[in-house]
Amino acid sequence: MAGRWIEKWEPEDETFWRETGERTARRNLWFSVLSEHIGFSVWSLWSVMVLFMGPEYGVDPAGKFFLISTATLVGAIVRVPYTFAVAIFGGRNWTVVSALSLLAPTLAALVVMEPGTSYTTLLLVAALTGIGGGNFASSMTNINAFFPLRKKGWALGLNAGGGNIGVPVVQLTGLLVIGTAGAAHPRIVLGVYVPLIVVAALGAALRMDNLRPVQNDTGAALQAVRERHTWIMSVLYIGTFGSFIGYSFAFGLVLQTQFGRTPLQAASLTFIGPLLGSLIRPVGGRLADRYGGARITLWNFAAMAAATGVVVYASTIESLAVFLVGFIALFVLTGLGNGSTFKMIPGIFHAQGIAKGLRGEEAAAHGRRLSGAAMGLIGAVGALGGLGINLAFRQSFQTSGSGTAAFTAFLVFYAACFTLTWAVYLRRTAVVAAKPQLSYAEV
């Protein structure tokens, strides 16, 4: 596993980027997307498996919400060590290892998915699928190091968007199986992913590279923990990615529980929101590259609050059509916000380097160093937002039989994120001291 190591990497040097850097970075990006895509599919397996779990499994809706919440929790936790694994083992090497590790939860689910399996066993296997969530953190940290600042919004958006599509793809696979073989055959879904995991690992082994300049830097990790921007961006990422993954896992269960849809009816709708949210994530990054991540994020939160208001209204009048319009719009906005918030992270730390008097490659290196360390922490906290959403749904359905109370709480949170974005990054006082013409609105 020594792998191929690139000894020199200077993406901010335009000559280097034009002659060799861009071609190498793009090749690594595509195979990173493939591995992360499979990781997201495995992480979200139980959003599909619960649709196969009829009365014969003996698990009520609250128990099903807890299964998917467990997968979300583990996925959030493992993102922290996965972030630093890239610097220890190399991006290419770790991608191979993390891809192959997905065989464990997939094969375990293939064994236990049958009536009569104890709830504790199902819970443990659901927890094991959480390792698929870690692939996002290592993939984003790796790709962040490959691209120059001016290209990061597009590259990170494409990398994450391609990964996020793993959620609707596994849900579409579940729909295909339910529609053809029936709801008694969940093992077909799992059997499809075993060879795909092997393909992703082989692609990474043969076509990706390790970057020697990306060294394990515990100092950067400790500094990122102390930075207030790390935790501010974590809150904003809860609002965008936490919403995306939480809604993706819960959508089918909400349709079944609140609107009485059958497994086939729920599966035929579940994939639409995650698919659109994934496809638009690179657009969010591109818009952030052009207009500034903070501006796009601000108005995106305003739109998310409005869409949530539509969902609350639909829940109170029990209109499935209105609910779907509002909820799918919410998915699209979470994807757009995912792209813009992640573009903000390297930009903020690059601007911070300028404020400290750094120039050129020194400022860029400062931004890469801190943003690479911060991304894993921000991604982990953001994924915990998905756990919060699933637990909120569980409590709401337990107490009132409806998700209305949970959606109301989400609306309030989006309003708070709007206020936080404006107060920290868009007020007139939020200007980089050493360069007054550069404000955080531009990052």
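Points worth noting:
- Taking the criterion of being among the β-branched types (Val, Ile, Thr) and open to solvent by 10 Å² or more (accessible area, probe 1.4 Å), the residues of region 257-276 that qualify are Thr257, Thr262, Ile272.
- Selection of first residues in region 273-293 that are at positive phi and of second residues that are assigned to a helix (DSSP H, G or I) and open to solvent by less than 10 Å² (accessible area, probe 1.4 Å), restricted to Cβ pairs under 8 Å at least 6 apart or on distinct chains, gives the following pairs, ordered by first then second residue: Gly292/Ala441.
- Listed by position, the helices (runs of 4 or more DSSP H) contained in region 215-272 that have at least 3 residues being more than 22 Å from the chain's Cα centre (by Cα) and not hydrophobic (A, V, I, L, M, F, W, C) are 218-226, 243-259, 263-270.
- Within region 221-268, the set of residues being of a type in the set (A, V, I, L, M, F, W, C) and over 16 Å from Phe327 (Cβ atoms) comprises Ala221, Leu222, Ala224, Val225, Trp231, Ile232, Met233, Val235, Leu236, Ile238, Phe241, Leu264.
- Answer residue from region 377-407, given it is open to solvent by less than 40 Å² (accessible area, probe 1.4 Å) and free of Cβ contacts under 8 Å to residues at least 40 places away in the same chain and is nearest to the chain's Cα centre (by Cα) among those: Ala392
- Top-ranked residue of region 320-376 - restricted to ones that are among the β-branched types (Val, Ile, Thr) and either open to solvent by 30 Å² or more (accessible area, probe 1.4 Å) or under 17 Å from the mean Cα position of the chain (by Cα) (or both), ranked as nearest to Thr270 (Cα to Cα): Ile328
One line per residue, one yes/no per condition, for (1) open to solvent by 10 Å² or more (accessible area, probe 1.4 Å); (2) closer than 25 Å to Ile68 by Cα; (3) among the aliphatic types (A, V, I, L, M); (4) modelled with pLDDT of 85 or more:
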residue: Gln223; (1), (2), (3), (4): yes, no, no, no
residue: Thr230; (1), (2), (3), (4): no, no, no, yes
residue: Leu236; (1), (2), (3), (4): no, yes, yes, yes
residue: Leu255; (1), (2), (3), (4): no, yes, yes, yes
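- Qualifying residue in region 9-19 (condition: part of a helix (DSSP H, G or I), open to solvent by 50 Å² or more (accessible area, probe 1.4 Å), among the hydroxyl-bearing types (Ser, Thr, Tyr) and farther than 27 Å from Thr173 by Cβ): yes
The values are calculated or read from the model by the stated rules, or taken from the named source; none is laboratory data. What you are looking at is a predicted structure, and each value in this text was computed from that prediction instead of being measured. All Cβ positions, even for glycine, are placed from backbone atoms using ideal geometry, and neighbour counts span all protein chains on display. For accessibility, only protein heavy atoms count, side chains too; no ligands or nucleic acids. Shrake-Rupley method; radii C 1.70, N 1.55, O 1.52, S 1.80 Å.
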